[in-house]
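Okay, structure first, notes after.
The values are calculated or read from the model by the stated rules, or taken from the named source; none is laboratory data. Computed from a predicted structure; not experimentally measured. Positions of Cβ are generated from backbone atoms using ideal geometry, with glycine treated the same way; all protein chains shown enter the neighbour counts. Ligands, DNA and RNA are excluded from the accessible area calculation, which covers all protein heavy atoms including side chains. Shrake-Rupley method; radii C 1.70, N 1.55, O 1.52, S 1.80 Å.
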Amino acid sequence: LVKGSLVFPISGGNVSVFTPGEVSPYVIGQLQHEGSGLTRAAGGTTVRLSNFNVDPGVSRVYGDVAVNGQTAVT
């Protein structure tokens, strides 16, 4: 957490930015954050979100999820 923002290193990817209105979406590609992540815990449950892949064209973040050390979703 840096100045109120979560900051993850970019480990790969490729993004193209076009003039808004030229194509839709005007940002196309992916940013990969392999090896990054965060952990949240409450009530005896620990959830780890890791290996983020950001798709700015659809405003989504994908990644791996582990619950109490067991992989739930990749």
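Heavy-atom accessible surface of the chain, averaged per residue, reaches 72 Å², computed with a 1.4 Å probe.
Between Q70 and T45, how many nm apart are label points set 7 Å from Cα along the C-beta direction? If labels sit at Q70 and T45, their model points lie 1.3 nm apart.
Grab the alpha carbons of the chain, take their convex hull, and tell me the volume per residue in Å³.
116 Å³
Over the chain, Cα pairs under 8 Å with separation of 6+ residues give a relative contact order of 22 percent.
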